[in-house]
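What follows is a short report on a single structure.
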Amino acid sequence: MSHEAVIAIWKKGSGKEAWVLGEPIKSLEALDKKHFADGMMLEDLRLKNDKYEAVWRAGGSGGQHWQGGMSQDDFKSVDKAQLAEGRRIHCLSMDSDAYAAVWRDGTGEEEWVLNTSQNKFEAMDEKWFKHGLRIQSISVDGGNISCCWRPGSGTQRWINNTSLGNLLGMDVAYRTEGLSMTLLAVDDSGLLNTGGNWTAVWKTPHTAGRWVSALPSTYEVEQKTLTAKGYRLMQLGTWQAGGLDFNLGDFLKSLFDGTTISTDDPDDPDDDDGDDDD
């Protein structure tokens, strides 16, 4: 028995936003056309089991292009064409060696890798970090990593293939150092327990933010609560928590004293959910 869970990251923000979970590509095309005409651009796009999770946010400018269901060769060809049009990778996602990505108008260098091992990824990240690039987007599946790097500055930390408990502890430690979680992914391929294989990226500076892993119904409650407090979605995805014969929400509650796993922000005066993980 398995349960679908939602992962999400919010940051303080304003303006219109829209999101979907488990959308087929044809419906996504129609929604994106509508939201783009309404002044919103794709902030995040995730591919999962031939369906998509997406976040649209107001405030972007210029053009964008997105494409799903790509092979590695397709991705390489599309990226080359988008570079020629003056666009850079904004986010990418992989699932079972199929790829989805969003390109936006932009300048500067970009580097990317698809479906590589952790050891190779670690060497590449060290190289590009020294070169002045930072992780822009990251996705994990089957033990391998896909990633793109874009120009950036400041401190960056990442962790891969870790347990949820360790992820929670690292998040607290890195926030104390002045970093914020900017990216979150989980590799649920072949998962037989609730531990998962978690990947996350933290960067400076520290900004007010939240993240969560929860059942869809609990996520929707959290989404409404945080929107009312002035947060906006930065990332949204799903994963299969496998091997469970009981309610995932009850399991999380027993471990973490709450049906959601979230971070409290010490800089947020409205942070009144009662947790004390700082």
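The values are calculated or read from the model by the stated rules, or taken from the named source; none is laboratory data. Bear in mind the structure is a predicted one, so any value in this text is a computation, not a measurement. Heads up, the Cβs are rebuilt from the backbone with ideal geometry, glycines too, and the neighbour counts pull from every protein chain shown. To get the accessible areas, we keep the full protein, side chains included, count just its heavy atoms, and leave off ligands, DNA and RNA. Shrake-Rupley method; radii C 1.70, N 1.55, O 1.52, S 1.80 Å.
On the stretch given as the range 82-96, residues that are open to solvent by 30 Å² or more (accessible area, probe 1.4 Å), farther than 16 Å from L133 by Cβ and in contact (Cβ under 8 Å) with a residue 24 or more places away in the chain total 2. With respect to the stated conditions, I135 is open to solvent by less than 20 Å² (accessible area, probe 1.4 Å) and in contact with a Gly (Cβ under 9 Å, 6 or more places away or on another chain). Scanning the range 138-168 for residues that are β-branched (V, I, T) and open to solvent by less than 40 Å² (accessible area, probe 1.4 Å) gives I138, V140, I145, I159, T162.
Please verify whether S61 is more than 19 Å from the chain's Cα centre (by Cα) and in a helix (DSSP H, G or I), treating the condition exactly as stated.
Working: more than 19 Å from the chain's Cα centre (by Cα): yes; in a helix (DSSP H, G or I): no.
In short, no.
Filtered by the rule that a residue be closer than 25 Å to N160 by Cα and without any contact (Cβ under 8 Å) to a residue 24 or more places away in the chain, the range 97-121 gives N119, K120.
Taken over the range 169-189, the criterion of being of a type outside the set (V, I, T), open to solvent by less than 30 Å² (accessible area, probe 1.4 Å) and either assigned to a strand (DSSP E or B) or touching a residue at least 40 places away in the same chain (Cβ under 8 Å) (or both) is satisfied by D171, R175, S180, M181, L183, L184, A185, D187, D188.
Within the range 7-62, how many residues turn out to be closer than 22 Å to C147 by Cβ, hydrophobic (A, V, I, L, M, F, W, C) and in contact (Cβ under 8 Å) with a residue 60 or more places away in the chain? Result for the range 7-62: 7.
Out of I25, I7, which single residue is at pLDDT below 95, surrounded by 13 or more Cβ atoms within 10 Å (Cβ to Cβ) and farther than 14 Å from K224 by Cα? Give the derivation first.
Working: I25 fails: at pLDDT below 95.
Just one listed residue meets the conditions, I7.
Of D73, D79, all but one fail to be among the charged types (D, E, K, R) and open to solvent by 20 Å² or more (accessible area, probe 1.4 Å); the exception is D73. In the range 84-106 there is at least one residue matching the filter, namely being closer than 24 Å to W149 by Cα and out of contact with any strand residue (DSSP E or B) (no Cβ under 9 Å at 6 or more places or on another chain).
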